[in-house]
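Taken together, the values in this text are just the output of simple stated rules run on the coordinates, not laboratory data. What you are looking at is a predicted structure, and each value in this text was computed from that prediction instead of being measured. As a convention, Cβ positions derive from the backbone with ideal geometry for all residues, glycine included, and neighbour counts pool all protein chains shown.
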């Protein structure tokens, strides 16, 4: 698969390195969403959690778009269809499945499924765009996934494989659907970026996704009444909206536009690593040798995938 840049050596370009740095920060910010999301699901349903997150995110994104772009651009019918597909997959279905999974299984097991995002994305890129995945890229994705699984399993890969086969419940099915939704969102995003900036694409995707979430909430006879807000709910929603949506979604699309969908997606293997590191920093959890080994494998895999 060839990136959208015209040069034959991406790593020789100084302008590429800021994108790589942003994608690493994206993984760091998304690593924190597992902690914030877990806190939120203790008080809110998956649907209300998603509405809170994207309600605030849409407000901020619209303000940013007006400030930086001058106005909220009018879309063509093609752009409406594409951004709606983005909102349906990356916002609506992904977050419903994601928060459902978090409410039913540990955050570490949820992160296990996130590690398979790059594989699903690479397969979709190959099928939909008929682009060949090089042996080096395939090796890089495999090494990065192996590193992520090493971190998540604390070095016990066989145990994870056995547990995955024996205990596949509703939470696991929800997270599998979330992975597929995110892969579609990533691949479809390439089309949106042909005529829209990453900021505008993200804003409209968030708007469509929020509208779909609100429709489900309004027409749900058993809809949850808004709970009394406290500082924990407010902090979790703020983090998910600003640092889990606005900033990383825009940077993620900048990555897709610059280096391609499959190469960008492989950076999500840093998410479990950062999730565990944040747990160590914030919750005083132990940093094991398997975490360091897994982190080294993730870095190696990402470098292999993006090296020209």
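Starting from the Cα-Cα distance between residue 176 and residue 76, subtract it from 0.36 nm times their residue separation and give me the gain in nm to one decimal. Each step should come with its number before you reach the end.
On the way: separation 100, 0.36 × 100 = 36.00 nm, distance 3.28 nm.
Length gained between residue 176 and residue 76: 32.7 nm.
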Starting from the Cα of residue 289, step 7 Å along the direction of its Cβ; do the same at residue 43; then give the gap between the two resulting points in nm. 4.3
Treating region 29-90 as a set of equal point scatterers at the Cα positions, no solvent, please give the Debye-formula log₁₀ I(q)/I(0) at q = 0.19, 0.20 Å⁻¹. -0.92, -0.96
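How do 257, 67 rank when sorted from fewest to most other Cβ atoms within 10 Å of their own Cβ? Spell out each step's value before the answer.
Values: 257 23, 67 8.
Going from least to most buried by this count: 67, 257.
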Under 15 Å from the 7 Å Cα→Cβ point of residue 214, by amide nitrogen: which residues of region 49-69? 50-63
Note down the nm distance, to one decimal, between modelled labels 7 Å out along Cα→Cβ at residue 300 and at residue 278. 2.7
Taking 188, 303, 276 and counting other beta carbon atoms within 10 angstrom, the fewest-first order is 303, 188, 276
Multiply the residue gap between residue 232 and residue 21 by 0.36 nm, knock off their C-alpha separation, and tell me the result in nm, one decimal place. 73.0 nm
